[in-house]
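Okay, structure first, notes after.
The values are calculated or read from the model by the stated rules, or taken from the named source; none is laboratory data. Nothing here was measured: the structure is a model prediction, and the numbers come from that model. Every residue, glycine among them, receives a Cβ derived from its backbone with ideal geometry; neighbour counts consider all protein chains shown. Remember, those area values only see protein heavy atoms, side chains included, never the ligands or the DNA or RNA. Shrake-Rupley method; radii C 1.70, N 1.55, O 1.52, S 1.80 Å.
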Amino acid sequence: CSHMFASCSEFNQPVILPDSLENCKDMFSFCQSFNQPVVIPPGVKSCSEMFSRCKQFNQPIAIPDSVTDCSSMFIECDVFNQPIVIPHSIIHCHRMFKDCISFNQPVTISDSVRTCEYMFSGCENFNQYVHIPDSVLNCNHMFSDCKTFNQPITLPSNIQVCSNMFS
């Protein structure tokens with residue numbers, strides 16, 4: 001079902017996803033008017049770019065333990081501001097909230113995550129404490145262009161890339 005409703009700029013109807021679904025990649029990307037509750041089925045593995053550029057999307061989302069990729073999941077969701085729990089199955093969170101201007105919620109990064117590059121980049125209102133676990137290897141641009149961010153940070157002991165982390 002990847003790209004299922006992609007670029008349906010006016011689409012804003014309820015959707016019930018089947019339990020057999022495994023891939024939600026780009027499912028609602030560029031659905032600029034979409035703002036409906038969505039339940040992600042328990043077998044889904046990828047939510048990459050699922051709500052990317054959904055300018056009106058602001059619904060609670062529960063990410064199931066089966067998901068391993070949330071990269072760019074909410075990129076450029078201008079009004080998205082819901083708490084998120086990142087389950088222990090997630091490995092990729094890069095660009096997850098990039099350019100979510102309104103986003104300012106606590107985020108718990110699980111100890112399975114490896115990539116956080118650009119995770120909060122451009123989140124102009126983001127100012128929450130973020131624990132970065134030792135599993136994270138890449139924090140490149142993680143908080144770049146976060147205009148109000150002012151929280152303590154402890155870098156992971158195994159960090160390999162943290163260039164421009166606060167640029």
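Here is a yes/no grid of residues against (1) farther than 22 Å from N104 by Cα; (2) at pLDDT 95 or above:
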{"residue": "Q32", "(1), (2)": "no, no"}
{"residue": "P37", "(1), (2)": "no, yes"}
{"residue": "G43", "(1), (2)": "yes, no"}
{"residue": "S48", "(1), (2)": "no, yes"}
{"residue": "D69", "(1), (2)": "no, yes"}
{"residue": "I75", "(1), (2)": "no, yes"}
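Taking each residue of segment 156-167 that is over 12 Å from T115 (Cβ atoms) and looking for partners that are of a type in the set (D, E) and surrounded by 15 or more Cβ atoms within 10 Å (Cβ to Cβ) with beta-carbon atoms closer than 9 Å, six or more apart or interchain, yields S167/D145. Please determine, by comparing only the residues of segment 89-118 that are open to solvent by 30 Å² or more (accessible area, probe 1.4 Å) and of a type in the set (A, V, I, L, M), which one is nearest to F149 (Cα to Cα). Taking the candidates together, the pick is I101.
The single residue among Q36, Q56 that is more than 19 Å from Y129 (Cβ to Cβ) and open to solvent by 50 Å² or more (accessible area, probe 1.4 Å) turns out to be Q56. The residues in segment 51-72 that are assigned to a loop (DSSP other than H, G, I, E, B) and more than 19 Å from P14 (Cα to Cα) can be counted, and the count is 8. Annotation for segment 80-98: at least one member residue is closer than 27 Å to N158 by Cβ, hydrophobic (A, V, I, L, M, F, W, C) and modelled with pLDDT of 95 or more.
Whenever a residue of segment 55-66 is within 18 Å of D99 (Cα to Cα), its partners that are of a type in the set (S, T, Y) and assigned to a loop (DSSP other than H, G, I, E, B), lying with C-beta atoms within less than 7 angstrom and at least six residues away or across chains, give the pairs Q56/S33.
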